[in-house]
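Read the structure below first, then the notes.
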Amino acid sequence: MSTSLLLSAVVVLPILIGTLASRSRGPARTTRIPISQERVVIIGASSGIGSELARIYARRQAHVVVVARRLELLQQLVQELSPTAGSIHAVQGDVTSPEDVRRVTIESLRALQGGIDTLIICAGVISVLPFEELAGIDPAKAADTAETSELDFNHLLPMSSRAALDASIKIMNVNYHAPLNLAGHFLPALARTSAAGNLIVVSSMAGKVGAPTRSIYCASKHAAQGFFESLGMEVERTGVHVGIVSPGTVITDIRQSAVDLPKTESSSSSSTEPRKIAGTKKGAMTAKACAEGIIKGSDLRQHDVIMPWFYRASLALKLVAPGLVRWLAKKKYGYL
C-alpha cells in the first residue's frame, strides 16, 4: 500500500468510526418524548445560537424556557414565538451568579410545571488577543540587555499580568464554572421528571484543538469538554444523556463580547470591527444551521456532535500528523 493510501486510511477510518460511535444505539428519543411535549430550558437564549434554538423548538410546539441576562431581548423572543410554541417563558438571570442559578432553576421548573426533558447550555464568551499582548509582554524586548541592579528585575516582568489573570477568571466563570453549576442544579430534575433527560452543552472545536490568539478561550473549552465527558459517564446509569456539541466558526456577535478587548472596543455598535481580530470566518456556519445540528444531536442522543462533519478530520490528523494541524491553525490565525 502506498504512503498516500495509508495516510488516507489512517485519517478516514477514525472519522467513520467516530461518526458511527456518536450515533444513538437505541430508538430516536422522539419516540419516548413526542416533540410537542418536550420541556426545554435554553441557557443563553437572547441572541445567536440560543435564540435560533428557541425558534426551532417553538415551531415543534415544545414547551420552552429561555434564559439570559438581557430581559428585553428575552421578552421580544417570547412575543415572537408565543403564537407557535406549546408554551414559552422568559427567565432573567446571570449564570455566573450562584444565587441566580438557583433561582433560574426553580423558576424554570415552575414554568414547566415541575419537570424538564432537555437543558441546553449555550451561554459563552470568547477571547481574541494573543496571550503576550494581553499580559503586556513585548517580544521585541526579549533581547533587552539594559543594565540593572541585581535586585531590580521589573524590566523582565509583564506589564499587565493582572489583566491576563482577570480575563482568564472571567472566561472560566462563564464557559466552565457556570455550566458546571447549572448541570448540578438541573440534574436531579432531569433524572426524576423525564423519560429521557438530556443535558446538552454547546462547546467548540476550541475545546479539542488549540489555536493562537484563543489561548484562554481554548483553556476554558478544554476544561468544559473534560468535565462533561466525565459527567456523561457518571450519570448515564440514571437515564440522563450528556451531549457535547463542538461547532467550528459560527456567525454570531460573540466577538463583540470578548473578555480581553477594551470595553470601548468590545461594546462597539459599529458594523465593522474597530480592530482586526485574527481568524477567518470563511466557511462559517450560520447560527440557524448550528441550532439545527444541536437539536438533531439531542434527538438522537449523540454524545459528541462535531459540526461541520469534516472537522472530524482535524481530530484524526491531530493523532497522525500533529504538525500539520498546528500549521493549519497558525495559517488560519495569521501566525505563519
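List of remarks:
- When each of Ala164, Ala142 is tested for being under 26 Å from Arg214 (Cβ atoms) and either surrounded by fewer than 20 Cβ atoms within 10 Å (Cβ to Cβ) or modelled with pLDDT of 95 or more (or both), the lone residue that passes is Ala142.
- Conditions (1) on the phi > 0 side of the Ramachandran plot; (2) at pLDDT 95 or above: number failed by Thr213: (2)
- Neighbours by Cβ (under 7 Å, 6+ apart or cross-chain): first from region 307-325, free of Cβ contacts under 8 Å to residues at least 12 places away in the same chain and in a helix (DSSP H, G or I); second crowded, with 16+ Cβ neighbours inside 10 Å and not acidic (Asp, Glu): Leu324/Leu317
- Take the conditions (1) assigned to a helix (DSSP H, G or I); (2) of a type outside the set (Val, Ile, Thr); (3) in contact (Cβ under 8 Å) with a residue 12 or more places away in the chain; (4) more than 20 Å from Tyr311 (Cα to Cα); Leu199 misses just one of them, which is (1).
- Filtered residues of region 115-137 (kept if among the aliphatic types (A, V, I, L, M) and in contact with a Leu (Cβ under 8 Å, 6 or more places away or on another chain)): Ile116, Leu119, Ile120, Ile121, Val128, Leu129
- The residues of region 179-215 that are over 16 Å from the mean Cα position of the chain (by Cα), of a type in the set (Val, Ile, Thr) and farther than 23 Å from Arg237 by Cβ amount to a single one, Thr213.
- If only residues of region 31-63 that are within 19 Å of Asp100 (Cβ to Cβ) and not polar (S, T, N, Q) are counted, the one that is surrounded by the fewest Cβ atoms within 10 Å (Cβ to Cβ) is Gly44.
- Cβ separations smaller than 8 Å between residues 6+ apart or across chains give the following pairs from region 228-257 residues that are over 22 Å from Arg312 (Cα atoms) and surrounded by fewer than 14 Cβ atoms within 10 Å (Cβ to Cβ) to residues that are modelled with pLDDT under 95 and among the hydroxyl-bearing types (Ser, Thr, Tyr): Asp253/Ser47.
- Hits in region 167-192 (condition: surrounded by fewer than 17 Cβ atoms within 10 Å (Cβ to Cβ) and out of contact with any helix residue (DSSP H, G or I) (no Cβ under 8 Å at 6 or more places or on another chain)): Ile169, Gly184, Pro188, Arg192
- Verdict on Ile56 being part of a helix (DSSP H, G or I), under 18 Å from Gly297 (Cα atoms) and under 21 Å from the mean Cα position of the chain (by Cα): yes
- Looking only at region 29-48, residues that are among the β-branched types (Val, Ile, Thr), at pLDDT 95 or above and assigned to a helix (DSSP H, G or I) come to 1 in all.
- Residue under evaluation Thr84, criteria (1) touching a Pro at 6+ places or on another chain (Cβ under 9 Å); (2) farther than 17 Å from Ile200 by Cα, criterion not met: (1)
- When Leu134 is tested against (1) at pLDDT 90 or above; (2) within 30 Å of Asp260 (Cβ to Cβ); (3) assigned to a helix (DSSP H, G or I), only condition (1) is not met.
The values are calculated or read from the model by the stated rules, or taken from the named source; none is laboratory data. Bear in mind that the values here come from a model prediction, so they are computed numbers and not experimental data. Ideal geometry is used to build each Cβ from the backbone, glycine not excepted, and the neighbour counts take in all protein chains shown.
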